[in-house]
Amino acid sequence: MDRIVISRRHAVAAGVMGVALLSGCDAALEAPGIADAPEITDRPGSSPVVENPDPEPTPAEKALARMTLEQKVAQLFFVTPEGLTGASVATVAGTLTADALAQIPVGGLVYFSQNLESAQQVRDLLSGTAALCRDAGAGIAPFLGVDEEGGPLVARIANSGLFDVPRFPNMADIGATGDPAQAAAVGTAIGTYLHDIGFNVDFAPDADVLTNPSNTAIGARSFGADPSLVASMVAAEVEAMRETGTLPCVKHFPGHGDTAGDSHTGAVYAERLRVDIEACEFAPFRAAIESGCPFVMVGHIETPNFAGDGLPASLSPIMMTDVLRGDLGFEGIVISDSFAMGAITQNYSPADAAVRFFQAGGDMLLMPADLRAAYQGVLDAVHAGTLTEERVDKSVLRILTAKDEAGLLA
């Protein structure tokens, strides 16, 4: 293609001509100074106008391009080591883990108290699992996650007694100080020790506004009942944790603070009106999104006076795609709450639930009741055309982008 050289004189005249044609005003061509404009020609040192080349693919895009469909679908799952291997309790990354990853190289693993025996054992478990993941599938390092909210209720590491790490009161007590710097201190401390041990994802902070004082599922895990206060606390903790290299995940969208039930055992409902949920429950999630939170966990919460679709948010296109993506503008990873909970298992098979989740707009499915059935169900849906590979690619690209930002694709 020949290079195009445009003189200033010609460019100005062309611009004025365009205005004249649009306005019907020929007199614009007589504007003073145009005839005397200096002409810029193609001379040494000048910059010819050339067509911009295509941008260089990102590391995440390059990784996606070399993956098979099976490898991409595997990245969509965030599982326990027991769910991956079939072991009753997993405390080492050995042959069982390697064999399971050869079949389904999952995108992430989450650990609980039964996986923790000693400080060195935990470090070896995490580093060993990461190495096995890099050797499996497309060679993608895993997310390694844990529930570490702080306080006596949900802090797997601090409450294990295996590590010399800071311990905190309930987040309700942190919120009662009214000082976001206190929440930032929690985020810095927790993020730092998790990163040092080998984790890279924390399923915290809790972004629920405790509007129902009878709520036992959330209770003192929440920063409080004032949406503005909770929003400021959540934003401060998210920002501080991100600085440590640990990726935070806010939960449980669209808000678990008003519910009376517990989704571990069955369906739960947030009965508030849409205007109330948008003004109250959404405030901390908006703050987290604006603070760059890479994950939002969607709960198994039905909103009969908002979505009104009879579905838990974790299976609802309205809540995940229209609201979380569209209205709130979230561009990161939409991850489900555990799909081993009664709210899901009592109503859906593992394969059906998984397909519905991704059709509705989810990106990572946490703890399916049966990983192999869920994984195969998604593959079958892609082959049948009820779930497109392009839809899978969008989620995998979000996952890989977050991994790249955390240094996991290096």
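Results, tabulated for the structure shown:
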quantity	calculated
From the options Gly362, Gly266, residue that is touching a residue at least 60 places away in the same chain (Cβ under 8 Å), part of a loop (DSSP other than H, G, I, E, B) and in contact with a Ser or Thr (Cβ under 7 Å, 6 or more places away or on another chain)	Gly362
Hits in the stretch 194-213 - residues which are assigned to a helix (DSSP H, G or I) and in contact with a strand residue (DSSP E or B) (Cβ under 7 Å, 6 or more places away or on another chain)	Leu194
Wholly enclosed strands (runs of 3 or more DSSP E) of the stretch 85-193 bearing at least 2 residues modelled with pLDDT under 95 and surrounded by 17 or more Cβ atoms within 10 Å (Cβ to Cβ)	none
Counted residues, the stretch 368-405 - those being touching a strand residue (DSSP E or B) at 6+ places or on another chain (Cβ under 6 Å) and over 20 Å from Arg325 (Cα atoms)	1
Test: residue in the stretch 184-199 that is closer than 30 Å to Leu96 by Cα, touching a helix residue (DSSP H, G or I) at 6+ places or on another chain (Cβ under 7 Å) and of a type in the set (S, T, N, Q)	no
Filter result for Ala343 (of a type in the set (Gly, Ala, Ser), closer than 27 Å to Gln376 by Cβ, assigned to a helix (DSSP H, G or I) and at pLDDT below 95)	yes
Qualifying positions in the stretch 328-355 - charged (D, E, K, R) and farther than 27 Å from Gly292 by Cα	Asp352
Odd one out for Phe112 among (1) within 25 Å of Ala236 (Cβ to Cβ); (2) touching a residue at least 12 places away in the same chain (Cβ under 8 Å)	(1)
Hits in the stretch 366-396 - residues which are farther than 23 Å from Asp337 by Cβ and within 21 Å of the chain's Cα centre (by Cα)	Thr388, Glu389, Glu390, Asp393
Within the stretch 63-79, considering residues that are assigned to a loop (DSSP other than H, G, I, E, B) and in contact with a helix residue (DSSP H, G or I) (Cβ under 8 Å, 6 or more places away or on another chain), the one surrounded by the fewest Cβ atoms within 10 Å (Cβ to Cβ)	Met67
Count - residues of the stretch 312-329 that are surrounded by 21 or more Cβ atoms within 10 Å (Cβ to Cβ) and in a loop (DSSP other than H, G, I, E, B)	2
Total residues in the stretch 98-127, condition under 16 Å from Gly145 (Cβ atoms) and over 23 Å from the mean Cα position of the chain (by Cα)	7
Candidate set: the stretch 365-376, residues that are in contact with a Pro (Cβ under 9 Å, 6 or more places away or on another chain) and outside any helix (DSSP H, G or I); chosen: the one nearest to Ser316 (Cα to Cα)	Pro368
Tally, over the stretch 297-311, of residues that are buried (at least 24 other Cβ atoms within 10 Å of the Cβ) and in contact with a strand residue (DSSP E or B) (Cβ under 6 Å, 6 or more places away or on another chain)	4
Qualifying residue in the stretch 378-385 (condition: more than 19 Å from Thr80 (Cβ to Cβ), assigned to a loop (DSSP other than H, G, I, E, B), in the same structural domain as Leu144 (by TED's automatic domain parsing) and not polar (S, T, N, Q))	yes
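Listed here are the residues, each with its yes/no results for (1) in a helix (DSSP H, G or I); (2) assigned by TED's automatic domain parsing to the domain that holds Lys72; (3) over 21 Å from Glu61 (Cβ atoms).
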position	(1), (2), (3)
Val296	no, yes, yes
Ile335	no, yes, yes
Tyr348	no, yes, yes
Ala353	yes, yes, yes
Leu400	yes, yes, no
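The values are calculated or read from the model by the stated rules, or taken from the named source; none is laboratory data. Note that the structure is a prediction, hence the values are computed from the model and not measured. Please note: Cβ atoms are built from the backbone with ideal geometry, for glycine as well, and neighbour counts cover all protein chains shown.
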